[in-house]
Amino acid sequence: MVHVGDITAEKRINHPQDVLKQGQTVRAQILEVDRERRRIRLGMKQLIPTSIDEYIAEHKEGDVVSGRVADVSGGRAKVELGEGIQVSCQTGGADKGAEEQSAAPSADLGSLSSMLSAKWKGGGAGPRVSKREPARAGQIRSFRIVKLDPAAKRIEVELAG
């Protein structure tokens, strides 16, 4: 048996016949075996790679990647590495980072645009974010991948110099 919630992760479907036809061959993963009821629970969406699965497959530990700092609190930063890929990064200075964020709640779009322009053109011109500057929400920063765990779908990063 395949529950409608285990058919696809893309959209909510009301009835299996919206995406499947009778007699159609499909690939599914066994999720549960219930010997008492003589049932096997199957899932199809578990075999479709997600964006984090693809990201993990394309990168390795030690790679330096860029990401946008989404939020900083309690000495940790939430970082977006791509669409649907959010990771947590230890920032080091919990109190100082929180003060910086509350003092400047909105990102400086002018400096952000200059920094992105400089990075895209490959030049060294434009304001650079130094390693000692605390992470603030809205910044584009470089991060080093410390650990990739495909089974847990987890990525650990640290600020790169």
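The values are calculated or read from the model by the stated rules, or taken from the named source; none is laboratory data. Predicted model only: the values in this text are computed from it and were never measured. We place every Cβ from the backbone using ideal geometry, glycine too, and count neighbours over all the protein chains shown. Surface areas here come from the heavy atoms of the whole protein model, side chains and all, with no ligands, DNA or RNA. Shrake-Rupley method; radii C 1.70, N 1.55, O 1.52, S 1.80 Å.
Below, the figures for the structure above:
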item: In segment 4-48, the residues that are in a loop (DSSP other than H, G, I, E, B) and under 23 Å from LYS153 (Cα atoms); result: ILE7, THR8, ALA9, GLU10, LYS11, ARG12, ARG27, ALA28, MET44, ILE48
item: Count of residues meeting criterion [of a type in the set (S, T, N, Q) and open to solvent by less than 20 Å² (accessible area, probe 1.4 Å)] in segment 67-82; result: 0
item: Complete set of residues in segment 23-66 that are free of Cβ contacts under 8 Å to residues at least 24 places away in the same chain and polar (S, T, N, Q); result: GLN24, THR25, GLN29
item: Residue that is at pLDDT 85 or above and in contact with a Ser or Thr (Cβ under 7 Å, 6 or more places away or on another chain), where the choices are VAL19, VAL26; result: VAL19
item: Residues satisfying the stated conditions in segment 49-66, i.e. hydrophobic (A, V, I, L, M, F, W, C) and either assigned to a strand (DSSP E or B) or open to solvent by 60 Å² or more (accessible area, probe 1.4 Å) (or both); result: ALA57, VAL64, VAL65
item: Residues of segment 1-47 that turn out to be of a type in the set (Ser, Thr, Tyr) and open to solvent by 90 Å² or more (accessible area, probe 1.4 Å), as a count; result: 1
item: Selection count where residues are free of Cβ contacts under 8 Å to residues at least 12 places away in the same chain and within 24 Å of GLY84 (Cα to Cα), scope segment 6-22; result: 4
item: Test: residue in segment 32-53 that is more than 17 Å from ASP149 (Cβ to Cβ) and within 16 Å of the chain's Cα centre (by Cα); result: no
